[in-house]
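What follows is a set of notes on a single structure, which appears directly below.
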Amino acid sequence: MTKSKSTPRCVALIGPYLSGKTTLLESLLVAAGAVHRKGIVRDGSTVGDGAPEARGRQMSTELNAAHCDYLGDPWTILDCPGSVELLQESLGALMVADAAIVVCEADPAKALTVGPALRMLDEYDVPHMLFINKMDQEGGSVKATLEALQEHSRHPLVLREIPIREGGAVTGHVDLVSERAFKWRDHQASELVELPESVLETELGAREEMLEALADFDDALLEELLENVTPSTEEVYDNLSRDLAHDDIVPVFFGSAEHDNGVRRLWKALRHETPEVSTTAARLGVPEGGAIATAQVFKTMHAGHMGKLSLARVWSSELKDGQEYPQGRISGLYRVMGQKFDKVAAAAAGEIVALGRLDGAHTGDTLGYDGAAWPDPLAPLYSMAIEMQGRADEVKLTGAVHKLCEEDPSLKLEHDPVTGELVLWGQGEMHLRIAMDKLTGRHGLAVNAKRPQVPYKETIRKSTTRRARHKKQSGGHGEFGDVEIVIKPLERGVGFQFEDAIHGGAVPRQYIPAVEAGVKEYLSRGPLGFPVVDIQVTLTDGQHHAVDSSDFAFKKAAQLAMREAMPDCQPVLLEPICEVKVSVPNAFTSNAQRVISSRRGQILGFQPRDNWHGWDEVTAHLPASEMHDLIIDLRSQTLGVGTFGFRYDHLQELTGKQADDVVASRSE
C-alpha cells in the first residue's frame, strides 16, 4: 500500500434529495476497501442511513460519518441529508470539512435544486467539487447541466473530464489533465484505452477551456498559454490543488455511483487536491496547536446507552481519552462508521471522532481555544403544538425535546404565553414528523401533534362607565368592595393603561392595587374569549367598609365591573399580522405573489435578493393564521427551493364571517 502523504482529511457529501449521495458514499467505501459489500438504500443495508427514521423513509434524515483509508490516506466522509428541510445537518458538516462534493444529476431542469447547496458553500468559502451522478441514464448532458449550474455558482465550474459515448450511452471518460482515456467497467476499476478519435477534437477544446480557467488565477500559466507553451502535467495539478484550496474554482467530475463508474477517479482527485487539515484550520481562524489539543464540536448525538456523544474535528495536537476541558472531561473516544462506534485511545489532528459524555459541550463549541463565530441555526418556518397523550408527565416531553434540539439546532421549542401550548418549530412538516418519530421510537413517548392556535387578541371600539359592588355576608367579617370605572379604547399597540382618579378617599389607597389586579385578571379573557389589549381603565369612584373591605373584595368588584361593562364597548377581534420576506428564483416570483395573495396577504413590493443572482425577495403583510403551511405551498410552487423569513408586525381588526368562526371555535 502506498505510504500516507497526508494527515487525516474530511470531505462532506451534499446535494439535493435523490441525487445519490448515500449510494456514492457506499461506492467510495467499497473502492477504498472499507467495506467488502456495497449496501443498497432500498434494502436498508448501507453504512449510512442506519437510523430507524432513515430506513423507514429510505432517505437520509441526519448526518452520517464514515471512516476509511484510501491508498494509505485516512479519511472521514460526512454524508449529509439532501432534503431542504434538513439543511442544518449540512451546515455543521461544512464548517469542519476540508472540501465538499456536491452531488447532482445530469439534468439541467434540476439545476435549480442544487442552487441552495452551492450558495451555502460560496457563503462560507468551503472548497468544493461537483460530481454529476447517474450518467448511466439516457439523455444526460454534462455540458447543458454545467451551463445551468453555473447560474447558481459564484465560482467557475471547471470540467475535469469529458464523456466517451457509444450508441448514445456514456461508456467512459477522458481525463483532461493527463489526456488519457478510460473505459468504465461496472463495479471495477476503469480500463485504460486508446483515446478515441471521435472525441479528440472535443477533448482539445475542453482542455483548453480548463487551462484558461486556471490561468485566471496564475499569471505564469497565462503567460505560457499566450506563448503557446504546453504546461506540464505537474504544473496543472499544482494549479488545481491551489485553486481548490482557495475556493477559486469548482472542479467537475461525473459517473454513476450505482455502477461504481468514475468513483475511483473522484477518489484520486480528492487524494491529490483536497487541502490538509492545517489549511482548513487556518481558513477558519483556528490558532496553531499548543500544549493541549484543539477541536470543534459540530454535531451532538444522544446514542441510547452510550449517552451524549459530541462529534468533533481535531484541529491540532493529539486528542486523548480522559482529557479535561472547560466543558468537562472526555469519557470515551470513538471512531465512527455509520451506526458503529469503535473505541480508540487517541485521535490525531484531522480526525473526526465522537467524544463520550462531554455534557457541557454543545454544537459549535470549541475545545482548547477561543473559537471563531459559529453560524446561527436556520430560522424556523413550520410549527406544531405538541402534548403528551393522557395525563403523562410533561417534564419527560420537554426533556426529550431538549435532546432533539441539542442534536438539531434548527429545531426550537417554545411555550406560547397566549395559548398556553408547547410549540415545536422546524423547517417543514417532514422535519417535524421525523422529530415526532424520534420522540416515539427513541424516547418511548406517546405524543400528539396538532396545528398551533393563532394568538388572537381583542380590543374595544367604544367607551363606557360602569359601577359594580361585591358584597357578601356569611357570619363574622363580610366582603365589601364598590368601584366605578371608565373604560376607553387606545391606539393600536399601546397596550393596557390603568389610572387612579379617586378623590376624597372613596377607595382607600391600599385597595387601589387590588382593583388594578382584578382588571388585569379579567383582561386575560375578554367577552370574545381572547386576551384584551389597547384599553385604558380609570378608577373614578367607589365605596368601602371599615370592617368588611379587603383586597380580595375590591379585586372581585373590579372583575365584576369589567365583566358587565366590556360587552357594551363594541369588542372586536384582532389578528396578528406578520411581515414576510419570501425569497424565490425570479422565474417563480409571480407564483410566490399568487401564494401570498391567496392567503389574504398584502404585497408591499419586491426587489432582487442581495448577493443572490437571479433571485427576488417579495415583501408582504400576511395574517398569522395563514402562515402555518406557507412553506409547504411555497416549496411546491418553486421546485422546493423557495423560502421565507418573518417577524410579528402588528395587530389588525378582523370582522365578518371569519371573525365569527374564530370566536365560535374559541367558545367550543
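The values are calculated or read from the model by the stated rules, or taken from the named source; none is laboratory data. Because the structure is predicted, anything quoted here is derived from the model rather than measured. With ideal geometry, Cβ positions are generated from the backbone for all residues, glycine too; neighbour counts draw on all protein chains shown.
For segment 83-99, give me each residue that is in contact with a helix residue (DSSP H, G or I) (Cβ under 6 Å, 6 or more places away or on another chain) and either outside the structural domain of residue 250 (by TED's automatic domain parsing) or over 13 Å from residue 408 (Cα atoms) (or both).
Correct list: 98 only.
I'd like to check something: does segment 52-60 contain any residue that is closer than 27 Å to residue 376 by Cβ, in contact with a helix residue (DSSP H, G or I) (Cβ under 7 Å, 6 or more places away or on another chain) and either assigned to a strand (DSSP E or B) or small (Gly, Ala, Ser) (or both)?
yes
Right, residue 114: surrounded by 18 or more Cβ atoms within 10 Å (Cβ to Cβ) and either not in a helix (DSSP H, G or I) or not assigned by TED's automatic domain parsing to the domain that holds residue 213 (or both) or not?
In short, no.
For residue 331, which of the numbered conditions (1) within 30 Å of residue 23 (Cβ to Cβ); (2) surrounded by fewer than 19 Cβ atoms within 10 Å (Cβ to Cβ); (3) hydroxyl-bearing (Ser, Thr, Tyr) fails to hold?
(1)
Considering each of 511, 456 in turn, give the residue that is within 30 Å of residue 631 (Cβ to Cβ) and either in the same structural domain as residue 562 (by TED's automatic domain parsing) or not polar (S, T, N, Q) (or both).
456
Report yes if some residue within segment 311-319 is surrounded by 17 or more Cβ atoms within 10 Å (Cβ to Cβ), touching an Asp or Glu at 6+ places or on another chain (Cβ under 6 Å), part of a strand (DSSP E or B) and not small (Gly, Ala, Ser); otherwise report no.
There is at least one residue in segment 311-319 that is surrounded by 17 or more Cβ atoms within 10 Å (Cβ to Cβ), touching an Asp or Glu at 6+ places or on another chain (Cβ under 6 Å), part of a strand (DSSP E or B) and not small (Gly, Ala, Ser).
Would you mind finding the one in 122, 107, 136 that is touching a residue at least 24 places away in the same chain (Cβ under 8 Å), touching a strand residue (DSSP E or B) at 6+ places or on another chain (Cβ under 7 Å) and surrounded by fewer than 21 Cβ atoms within 10 Å (Cβ to Cβ)?
Within the list 122, 107, 136, the selection yields 136.
Has segment 574-587 got any residue that is assigned by TED's automatic domain parsing to the domain that holds residue 498 and in a helix (DSSP H, G or I)?
The answer is no, given that none of the residues of segment 574-587 is assigned by TED's automatic domain parsing to the domain that holds residue 498 and in a helix (DSSP H, G or I).
Return the residues of segment 415-473 that are in contact (Cβ under 8 Å) with a residue 60 or more places away in the chain, assigned to a strand (DSSP E or B), touching a Ser or Thr at 6+ places or on another chain (Cβ under 7 Å) and of a type in the set (A, V, I, L, M); say none if nothing qualifies.
447
Tally up the residues in segment 35-60 that are free of Cβ contacts under 8 Å to residues at least 60 places away in the same chain and either crowded, with 18+ Cβ neighbours inside 10 Å or touching a Leu at 6+ places or on another chain (Cβ under 7 Å) (or both), please.
Residues meeting the conditions: 7.
If I ask for residues that are more than 21 Å from residue 149 (Cβ to Cβ) and buried (at least 16 other Cβ atoms within 10 Å of the Cβ), which ones from segment 604-618 would you list?
Within segment 604-618, 606, 617, 618 qualify.
If residue 16 satisfies every condition in (1) more than 21 Å from residue 137 (Cα to Cα); (2) outside any helix (DSSP H, G or I); (3) touching a Gly at 6+ places or on another chain (Cβ under 7 Å) but one, which is the exception?
Failed condition: (1).
Condition (residue is of a type in the set (A, V, I, L, M, F, W, C) and surrounded by fewer than 20 Cβ atoms within 10 Å (Cβ to Cβ)) applied to segment 347-360: is it met by at least one residue?
yes
Say whether the condition of being surrounded by fewer than 16 Cβ atoms within 10 Å (Cβ to Cβ), basic (Lys, Arg) and at pLDDT 95 or above is met by at least one residue in segment 578-587.
no
Pairs, please: C-beta under 6 Å, at least 6 apart or cross-chain, first residue more than 19 Å from residue 445 (Cβ to Cβ) and in a loop (DSSP other than H, G, I, E, B) and in segment 375-390, second among the β-branched types (Val, Ile, Thr) and at pLDDT 95 or above?
Between residues of segment 375-390 that are more than 19 Å from residue 445 (Cβ to Cβ) and in a loop (DSSP other than H, G, I, E, B) and residues that are among the β-branched types (Val, Ile, Thr) and at pLDDT 95 or above, the close pairs are 381/631.
Only one of 63, 28, 24 is over 23 Å from residue 256 (Cβ atoms), touching a residue at least 24 places away in the same chain (Cβ under 8 Å) and in the same structural domain as residue 126 (by TED's automatic domain parsing); which?
None of the others qualify; the one that does is 63.
Identify the residue in segment 634-668 that is more than 19 Å from residue 601 (Cβ to Cβ) and aliphatic (A, V, I, L, M) and, among all such residues, is surrounded by the fewest Cβ atoms within 10 Å (Cβ to Cβ).
664
Within segment 463-491, how many residues are under 22 Å from residue 524 (Cα atoms), in contact with a strand residue (DSSP E or B) (Cβ under 7 Å, 6 or more places away or on another chain) and surrounded by fewer than 15 Cβ atoms within 10 Å (Cβ to Cβ)?
Total meeting the criteria: 0.
Is it true that some residue in segment 316-335 is under 22 Å from residue 131 (Cα atoms) and in contact (Cβ under 8 Å) with a residue 12 or more places away in the chain?
Scanning segment 316-335 turns up no residue that is under 22 Å from residue 131 (Cα atoms) and in contact (Cβ under 8 Å) with a residue 12 or more places away in the chain.
Go through segment 186-206 residue by residue and tally those that are free of Cβ contacts under 8 Å to residues at least 40 places away in the same chain and either in contact with a Gly (Cβ under 6 Å, 6 or more places away or on another chain) or not small (Gly, Ala, Ser) (or both).
Qualifying residue count for the region: 11.
I'd like to verify a number: residues in segment 602-637 that are closer than 14 Å to residue 584 by Cα and in a helix (DSSP H, G or I), how many?
Matching residues across segment 602-637 total 7.
I'm trying to understand the selection: among the residues of segment 216-258, which are buried (at least 18 other Cβ atoms within 10 Å of the Cβ), outside any helix (DSSP H, G or I) and either in contact with a Phe, Trp or Tyr (Cβ under 9 Å, 6 or more places away or on another chain) or hydroxyl-bearing (Ser, Thr, Tyr) (or both)?
248, 249, 252, 253, 254, 255, 256, 257
Consider segment 553-570. How many of its residues are part of a helix (DSSP H, G or I) and surrounded by fewer than 16 Cβ atoms within 10 Å (Cβ to Cβ)?
Of the residues in segment 553-570, 4 are part of a helix (DSSP H, G or I) and surrounded by fewer than 16 Cβ atoms within 10 Å (Cβ to Cβ).
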